[in-house]
1. Keeping the other protein chains in place, figure out the carbon and sulfur percent of the accessible area of the chain, with a 1.4 Å probe.
2. Could you check which residue among ALA28, ALA149, ALA129 shows the biggest mean-square fluctuation in a GNM of the chain with a 10 Å Cα cutoff?
3. Whole percent per 5 Å bin, from 0 to the bin with the longest distance: what is P(r) over all C-alpha pairs of region 198-269?
4. Hey, which of these cross-link pairs are over 30 Å Cα-Cα: LYS128/LYS250; LYS78/LYS213; LYS52/LYS155; LYS128/LYS248?
5. How much accessible surface does ARG265 have with a 1.4 Å probe, in Å² rounded to 10?
6. Amide H neighbours of VAL170 under 5 Å, counting only residues 5+ apart in sequence or on other chains, H built in-plane at 1.01 Å?
7. May I ask for the distance between the Cα centers of region 87-126 and region 1-72, given as a whole number of Å?
8. Quote the Stokes-Einstein diffusion coefficient, in whole µm² s⁻¹, for region 178-234, based on the Kirkwood radius over alpha carbon pairs, a temperature of 20 °C and a viscosity of 1.002 mPa s.
Amino acid sequence: MYIPMLDLPGQYQRLKAEIDAAIGQVIASGHYIMGPAVAELEADLEQFLAVKHAITVASGTDALLLSLDALGIGPGDKVIVPTFTFFATAGVVTRLGGIPVFVDIDPADYNLDLAQVEKRLQEDPAIKAIIPVHLFGRPCDMERLMALARQYNLKVVEDACQAINATVQVGNEIKKVGTIGDAGCFSFFPSKNLGCFGDGGLIVTNNDKLADKLRMLRVHGSRPKYFHQMVGYNSRLDTIQAAVLKIKLKYLNEWTEKRVNVARRYHEEFRAQGLAEQVVIPPLTAGHVFHQYVIRVEKRDQLAAYLTDRGIGNAVYYPLPLHLQPCYAGLGYQPGSLPVAEAVCQQVLALPIDPELTREQIRYIVTAIKNFMCGEK
Ligand SMILES: *Cc1c(COP(=O)(O)O)cnc(C)c1O
């Protein structure tokens, strides 16, 4: 049996007729940049996420970059980011001349440890913004985070690249992640929960002025064309990608439900096979969309090799925390500075999470892990 992390060709085959027709239509139309499908997708996303403005851009990285830029983050500005995330979360801060302030994570949910965030804010009044990451699709505690942001006057850019359709309670309301901070950023990278056939991204906001600025920033700061109000970027979503995403968005609720079911089956299987002691499995938190199903084990590298040998997809997200990346050596962090993330990086292993995984496949994967654990003793 071969079980990939994700079966994107399989997903395409199921939607082939619909997708091929939409792509063909765009090609025939000649409107390859900012064609009608872009605005149509944005309207669909505004409705889906219950947010005032959806602005598509060229990638999730650009979504973060343009958001921070539009919110005025620039040279010397300090921005809190978790050290355990994809590189882009911090890279964009540095790209704008800002300084990422790395904070450790809570081992229970892999998201920012808000007690440590508060400590940093008390020590350093120069911090201007914070980028909470809803890692692996699990929502951050946005209620508590927004209270801190108000208290310390911070801009909040949510990195929801892994968490489209995840929800979290804020006050009496259940909200989609990404719609709570000043801006929320999403990625349409192919392997994300809503992915296109290349790079793509999205910024959402309820702030009219910010949305207006972002719409200019993505077309070189121009309005009208060839009249530049500011220096911007070339960061648009291709019409072809928008046409594909418009179709896929209709299936996102179904796919999300299936991912949560896959996670539930893993959960049941790990418990049924008596592994809940040796393997740290993610709890089935409300609102979690399981972009990844990540376990923690002691002999991670050996288990990864064992699974690979048996045709079971697996991946390490992420092997090295950002504060210890070579490019950030100049910031003065040492091994031991942020110990939770450093330990977690040695133990995390993501298992296959394709929405169409069967109960038999999940049993096969968990059985392989059990055999590895037994063989080890
Ligand atoms: C994927 C991802 C990004 C970047 O998105 P791209 O579309 O690949 O540029 C940023 N942050 C996180 C947490 C991601 O997972």
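1. Of the solvent-accessible surface of the chain, carbon and sulfur hold 53 percent.
2. ALA28
3. Final binned percentages: 3, 13, 15, 14, 16, 12, 9, 7, 5, 3, 2, 1, 0.
4. Working: LYS128/LYS250 37 Å; LYS78/LYS213 22 Å; LYS52/LYS155 18 Å; LYS128/LYS248 36 Å.
The pairs that break the limit, which is 30 Å between Cα atoms, are LYS128/LYS250; LYS128/LYS248.
5. Ignoring ligands and nucleic acids, ARG265 comes out at about 80 Å².
6. Amide H neighbours of VAL170, under 5 Å, 5+ apart: LYS175.
7. Cα centres, region 87-126 to region 1-72: 29 Å.
8. 171
The values are calculated or read from the model by the stated rules, or taken from the named source; none is laboratory data. Quick caveat, the model's predicted, so the values are computed rather than measured. Neighbour counts are summed over all protein chains in view; Cβ atoms, including those assigned to glycine, are modelled from backbone coordinates with ideal geometry. Only protein heavy atoms, including side chains, enter the accessible area calculation; ligands, DNA and RNA are left aside. Shrake-Rupley method; radii C 1.70, N 1.55, O 1.52, S 1.80 Å.
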